[in-house]
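Here's the structure we're looking at; comments come further down.
The values are calculated or read from the model by the stated rules, or taken from the named source; none is laboratory data. What you see is a predicted model, and the numbers here were worked out from it, not measured in a lab. Ideal geometry is used to build each Cβ from the backbone, glycine not excepted, and the neighbour counts take in all protein chains shown. Surface areas here come from the heavy atoms of the whole protein model, side chains and all, with no ligands, DNA or RNA. Shrake-Rupley method; radii C 1.70, N 1.55, O 1.52, S 1.80 Å.
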Amino acid sequence: MGNKHRIFMALFIMAFLMAGCGKEGRLDEGDCPVEIRLAGLPAGYAELTDDQKEQIVVNLQLENLINEKTYTFRLNDDNHFSQNASLNPGTYRVAYCYISGSGAVRMNGKASVETMDISRDTINIISVSVTNQQEFDQWVAQMRADAAILRVDQFSRIIQFEGQIINMEEILDYVEFTHDQQVRAYDKVVLDNGEKGVHVTLLNDTGETADWRDCKVIAVTFTKDNVIFGKGARVMMPAEEILHAEDGLYGTPDSLAGCVLIGAEYDDFDAIYRETRSGDRMTFKVDGSGEHITEVTYEFAVFE
């Protein structure tokens, strides 16, 4: 195959791919009024922080069945969960409908129709309903910070997990893990429960092989906001509410690791707090924007 033919084929493929990417339509390209709106919010939504509310978005996409153009809608707190458009007449189907956001329990959304004939002589409305309102409200109730957890120190080893005040060293009593192998003498094993967003590191501190349930918890990592630490710190909280020298819950970290150009959208970085007396260490992973805590790791008795 000659070079000219290769160049022609490359340009042809590129043009084909670019044409395939041009299916997104404009929300103002027609004269048929369309409204996409959320039918109602769970009662617990009002109790969310502003930061949590910002992350909840209703995502819905319509597809014109004739020309296959797609039209994407995003409903959030800023537009009062309602968005208008002017589309061309035709038959449209709901390509997808879901609600994104943070939280161990998220809102589930369902559109009122699967397909709709959109015309000029009527207001074409598609409503989205939250199908798990009761479950969501229960989660919000669980995540209200108990007065007791607001009083304890960050290194108390006490947390509020899914509404219960517990000792982190006893996390195996509250979260299910599976492991089908014995742990060798003086060896470590890491177990994950992705559904709960909890990861534990266990140590067999004996001279004999042992079942993992008999091993010692030496570190716990939390990746979802179903946990509250002493003074009210939690995953997905704005970083400055914890790390700020004067106004943060924990003040200036003892050290930082990773990229520390906050707001430059580089890699995540770690903010580390240490307690000299116990050797305990808390590590807050902050996203590349420098805005949010994405996970918290608590390590027991790490003497350096």
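Restricting to the chain, compute how many DSSP beta bridges are antiparallel as a %, nearest 5.
Numbers: 68 of 74 bridges.
Here the antiparallel bridges make up roughly 90 percent for the chain.
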Once amide hydrogens are built 1.01 Å from N within the peptide plane, the residues lying 5 or more places from ASP287 or on another chain with amide H under 5 Å from its amide H are HIS292, THR294
Carbon/sulfur accessible area of the chain, % of total, 1.4 Å probe, equals 48 percent
Karplus-derived 3J(HN,Hα) from phi for region 111-118 (6.51 cos²θ - 1.76 cosθ + 1.60, θ = phi - 60°), whole Hz, x at Gly and Pro, runs 6, 6, 9, 9, 9, 8, 8, 8
GLU170 neighbourhood, Cβ < 13 Å, K/R = +1, D/E = -1, net charge +1
Taking alpha-carbon centroids only, region 29-57 lies from region 120-137 a number of Å equal to 10 Å
Phi angles of region 136-150, converted by Karplus (6.51 cos²θ - 1.76 cosθ + 1.60, θ = phi - 60°) into ³J(HN,Hα) in whole Hz with x for Gly and Pro, give 5, 5, 5, 5, 4, 4, 4, 8, 6, 5, 5, 4, 5, 6, 6
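In Å², and per residue, what accessible area does the chain have when probed at 1.4 Å with the other protein chains present? Numbers along the way, then the final one.
Values: 16790 Å² over 304 residues.
Solvent-accessible surface per residue comes out at 55 Å².
If you average the sequence gap of Cα pairs under 8 Å that are 6 or more apart and divide by the length of region 154-263, what percent do you get for the contact order? It would help to have the intermediate numbers written out before the result.
Values: 171 pairs, mean separation 22.5, N = 110.
Across region 154-263, relative contact order equals 20 percent.
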For SER127, the accessible surface traced by a 1.4 Å probe with all protein chains present amounts, in square angstrom to the nearest 10, to 40 Å²
The pairs in LYS69/LYS110; LYS53/LYS231; LYS53/LYS216; LYS53/LYS285; LYS110/LYS231 lying past 29 Å Cα-Cα in this model are LYS53/LYS216; LYS110/LYS231
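Over the chain, calculate the relative contact order: mean separation of alpha carbon pairs under 8 Å at least 6 apart, over the residue count, as a percent. Don't skip to the answer; put the middle values down first.
Numbers: 644 pairs, mean separation 36.7, N = 304.
After rounding, I find 12 percent.
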